[in-house]
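In what follows, a single structure is set out as structure tokens and then discussed.
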Amino acid sequence: MQPTNRSRRRDDDDDAKSDPEIDPTIPSIARVYDYALGGKDNYQADREVLDRALAIDPHIPTMAREHRAWSRHVIKWLVARTELGGAGIDQFLDCGSGLPTMDNTHEVAHKVNPAAKVVYVDNDPAVVTHGRALLEDNENTCFVAADLTRPAELLEDTKVAAFLDLDRPVGLIQCATIHHIDRLADQQAVMAGYVSRLAPGSYVALTHVHDPADGSEVSRLAQATEAAYHSTNATTHWRPRAEIETLFDGLEMVDPGLVPLHQWWPAGPLLQELPPVYHIILGGVGRKPRPSSG
Ligand SMILES: C[S@@+](CC[C@H](N)C(=O)[O-])C[C@H]1O[C@@H](n2cnc3c(N)ncnc32)[C@H](O)[C@@H]1O
């Protein structure tokens, strides 16, 4: 399936002329993802990356939309009232939020709880420009231009501190972000930096690209896709499940654990196996335990 809205392509000099930090010649992961979702805030260099991936597997744009749908599904559950079986979370830190698109985190959360606070974080110049304009929608949302790999700095940022009460549970969204950090040890340190600072009862939703590294078709597809994405401003690292699981250290996994996205509480029975491309990204939700009273 092809991305939608291809006709609404941005001319290569639109934002780049008004924002000197935007370099349309270097593919940006935020803009490649925007293109995969059918958005218009992307340039030729971005589209070439996805076109290379499409040549490997035509389901890749569909998968980007499934990924987005997964995080919306999780946010709905996180914000749902506890008496209805949800997590009752009313404040979110959406790291690496990406370009504003349909069903942004605050729009999904506010359908359930209009008072929920949402702080968006990203460091891509195009996201910063559009994020400030479109994500700071009402008094319960704000956008912070910051580096998500520095949890201490980010959580102490005055805007974040003014918006979120870090003494209470938070929903930390790390969807398709941590896999842009090069070394596993650094990924683990970043996640530990967040988890140690979150209040007990907080939840972490995390997705990460997956390479079982076992010579299987899924692994071959993961490696070919990794190569197709190599030229972007943020290299993406595919990893085996056991490594991705370590990013949830200090958290209790919510059922069904770390799984291909279509297996996390699907809307109904899966009447057929999905193709290998649906196994090259895994997602899960972890909960920071409350200290035991004993
Ligand atoms: C693949 S997109 C995912 C967007 C969104 N999380 C989603 O799932 O729909 C990755 C996003 O992470 C952002 N990002 C990558 N590294 C970052 C960093 N060190 N600090 C802040 N944002 C970062 C990129 O700019 C991009 O917008």
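The values are calculated or read from the model by the stated rules, or taken from the named source; none is laboratory data. Note that the structure is a prediction, hence the values are computed from the model and not measured. Heads up, the Cβs are rebuilt from the backbone with ideal geometry, glycines too, and the neighbour counts pull from every protein chain shown.
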- prompt: Among the residues of the range 246-259, which ones are more than 20 Å from ARG197 (Cα to Cα), touching a helix residue (DSSP H, G or I) at 6+ places or on another chain (Cβ under 8 Å) and in contact (Cβ under 8 Å) with a residue 24 or more places away in the chain?
  reply: LEU258
- prompt: Based on what the data block shows, is PRO240 touching a Pro at 6+ places or on another chain (Cβ under 9 Å), at pLDDT 95 or above and on the phi < 0 side of the Ramachandran plot?
  reply: yes
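Results for (1) touching a strand residue (DSSP E or B) at 6+ places or on another chain (Cβ under 9 Å); (2) aliphatic (A, V, I, L, M); (3) within 24 Å of LYS76 (Cα to Cα), shown as yes or no for each residue.
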position	(1), (2), (3)
ASN233	no, no, no
ARG241	yes, no, no
THR246	no, no, no
GLU252	yes, no, yes
LEU258	yes, yes, yes
PRO266	no, no, yes
PRO269	no, no, yes
HIS279	yes, no, yes
PRO289	yes, no, yes
field: Complete set of residues in the range 230-239 that are within 15 Å of the ligand (Cβ to nearest atom) and in contact with a Leu (Cβ under 9 Å, 6 or more places away or on another chain)
entry: HIS237
- line: Every listed condition ((1) more than 10 Å from the ligand (Cβ to nearest atom); (2) in a helix (DSSP H, G or I); (3) touching a residue at least 40 places away in the same chain (Cβ under 8 Å)) holds for ARG168 save (2)
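So which residues in the range 132-153 are more than 9 Å from the ligand (Cβ to nearest atom), within 25 Å of ASP41 (Cβ to Cβ) and not in a loop (DSSP other than H, G, I, E, B), if there are any at all? It would help to see each step written out before you state the result.
Step one: list which residues in the range 132-153 are more than 9 Å from the ligand (Cβ to nearest atom), which gives 132-144, 151-153.
Next cut, within 25 Å of ASP41 (Cβ to Cβ) only: 132-138, 140-144.
Across the range 132-153, the qualifying residues are ARG132, ALA133, LEU134, LEU135, THR141, CYS142, PHE143, VAL144.
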task: Mind listing just one residue for me: the one in the range 65-117 that is in a loop (DSSP other than H, G, I, E, B) and among the acidic types (Asp, Glu) and, of those, nearest to the ligand (Cβ to nearest atom)?
output: ASP103
query: Tally time: how many residues in the range 51-64 are surrounded by fewer than 16 Cβ atoms within 10 Å (Cβ to Cβ) and assigned to a loop (DSSP other than H, G, I, E, B)?
result: 1
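Report yes if ARG183 is surrounded by fewer than 16 Cβ atoms within 10 Å (Cβ to Cβ), modelled with pLDDT under 95 and over 20 Å from VAL285 (Cα atoms), otherwise no.
On the way: surrounded by fewer than 16 Cβ atoms within 10 Å (Cβ to Cβ): yes; modelled with pLDDT under 95: no; over 20 Å from VAL285 (Cα atoms): yes.
No: the conditions fail for ARG183.
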- prompt: Which residue pairs have Cβ atoms closer than 6 Å, lie 6 or more positions apart in sequence or on different chains, and pair a first residue in the range 187-199 that is in a loop (DSSP other than H, G, I, E, B) with a second residue that is at pLDDT 95 or above and buried (at least 19 other Cβ atoms within 10 Å of the Cβ)?
  reply: LEU198/VAL170; LEU198/LYS288; ALA199/PRO169
query: Does HIS262 meet the test of being modelled with pLDDT of 95 or more, within 17 Å of the chain's Cα centre (by Cα) and surrounded by 22 or more Cβ atoms within 10 Å (Cβ to Cβ)?
result: no
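Quick check on the range 23-41: of everything there that is closer than 14 Å to PRO125 by Cβ and away from the ligand (no atom under 12 Å from the Cβ), which residue is surrounded by the most Cβ atoms within 10 Å (Cβ to Cβ)? Before you say what the answer is, go through the steps one by one.
We begin by selecting, within the range 23-41, every residue closer than 14 Å to PRO125 by Cβ; these are 23-31, 34, 41.
Next, from what is left, pick out any that are away from the ligand (no atom under 12 Å from the Cβ): 23-26.
Details: ASP23: 15, PRO24: 21, THR25: 9, ILE26: 13.
Here the residue is PRO24.
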